[in-house]
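The values are calculated or read from the model by the stated rules, or taken from the named source; none is laboratory data. Here the structure is a predicted model, which means the values were calculated and not measured. For neighbour counting, all protein chains shown are included, and Cβ atoms are generated from backbone atoms with ideal geometry for every residue, glycine included.
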């Protein structure tokens, strides 16, 4: 699996985060789904295409919502850092595969399938169609005979305050950060809420911000893991930036001193000159 895809999925694979997304978006903050009611479901399915070959498709996260042993629904989450023009076709394919797989078990009645798309873009909104009929050309005379298919897109960084309050925990921390970052690219996080899934959140922020410093934070030791929040993340970012600035300045000084030594003594090699410069500035 591609590392970028894996990093996007890690946080939302936790039942508490997954349940929070569904409760916040679908049920408007009502705690309808309990994390203990969620069971992992198969994310890979096979299908035959027009070339008659067997192909495999993989969706991001899929879980069964159950009450005891009774399935209520199948819920999926798809993560998008960029908008996808053909997302209705993709989701229709994913959901269709989930419906088809339910036909195998004759002892259980089929249950509804729903998919939520988390869009993490901060520079532009999701401007592509959110239903099937708006991405395909349908002759007017057959329009009534073609079924439409609608997708559910949550534009995380574009939520209003009232929408944000429907969520809690790690997802709310991520959403609050992206909302503020969209409004102010130089935003310094000041959310004191404790992050439960720290490593996974830093990996997600690395992807959605395209900034590798968040991944570097994971390796920074901390005395109190219970106090890790976006406030400590901000302090770590400042420290990393300061150290990178110091190292960059030192590297430039070594380059200049190396050049000086080579100009003063044309007989020495570049490697020897750099060794001399490094020892002086060590």
Note to self: For a quick check of your reading of the model, give me the residue pairs whose first member lies in segment 207-225 and is within 13 Å of residue 235 (Cα to Cα), whose second is part of a loop (DSSP other than H, G, I, E, B) and modelled with pLDDT of 85 or more, with beta-carbon atoms closer than 8 Å and at least 6 apart or on different chains.
What the structure shows: 222/228
Check: Here are some conditions: (1) at pLDDT below 90; (2) in a loop (DSSP other than H, G, I, E, B); (3) under 21 Å from the mean Cα position of the chain (by Cα). Residue 83 meets all but one. Which one does it not meet?
Finding: (1)
Checklist line | residue 43, sole failed condition from (1) over 28 Å from residue 146 (Cβ atoms); (2) over 21 Å from the mean Cα position of the chain (by Cα); (3) surrounded by 14 or more Cβ atoms within 10 Å (Cβ to Cβ); (4) at pLDDT below 85 | finding: (2)
Next item on the list: Note down all Cβ pairs under 6 Å where the first residue falls in segment 112-126 and is on the phi > 0 side of the Ramachandran plot and at pLDDT 95 or above, the second is surrounded by fewer than 19 Cβ atoms within 10 Å (Cβ to Cβ) and not in a strand (DSSP E or B), and they're at least six residues apart or on different chains.
Entry: none
Checklist line | Members of segment 86-106 found to be more than 23 Å from the chain's Cα centre (by Cα) and in a helix (DSSP H, G or I), listed by number | finding: 96, 97, 99, 100, 101, 102
Next item on the list: Restricting attention to segment 11-29, report how many residues are within 17 Å of residue 165 (Cβ to Cβ) and either part of a loop (DSSP other than H, G, I, E, B) or free of Cβ contacts under 8 Å to residues at least 12 places away in the same chain (or both).
Entry: 4
Note to self: Can you name every one of the helices (runs of 4 or more DSSP H) wholly within segment 164-256 that holds 3 or more residues which are at pLDDT 80 or above and either surrounded by fewer than 14 Cβ atoms within 10 Å (Cβ to Cβ) or at positive phi (or both)?
What the structure shows: none
Checklist line | Residues that are within 19 Å of residue 201 (Cβ to Cβ) and either modelled with pLDDT under 95 or out of contact with any helix residue (DSSP H, G or I) (no Cβ under 8 Å at 6 or more places or on another chain) (or both), drawn from segment 24-36 | finding: 25
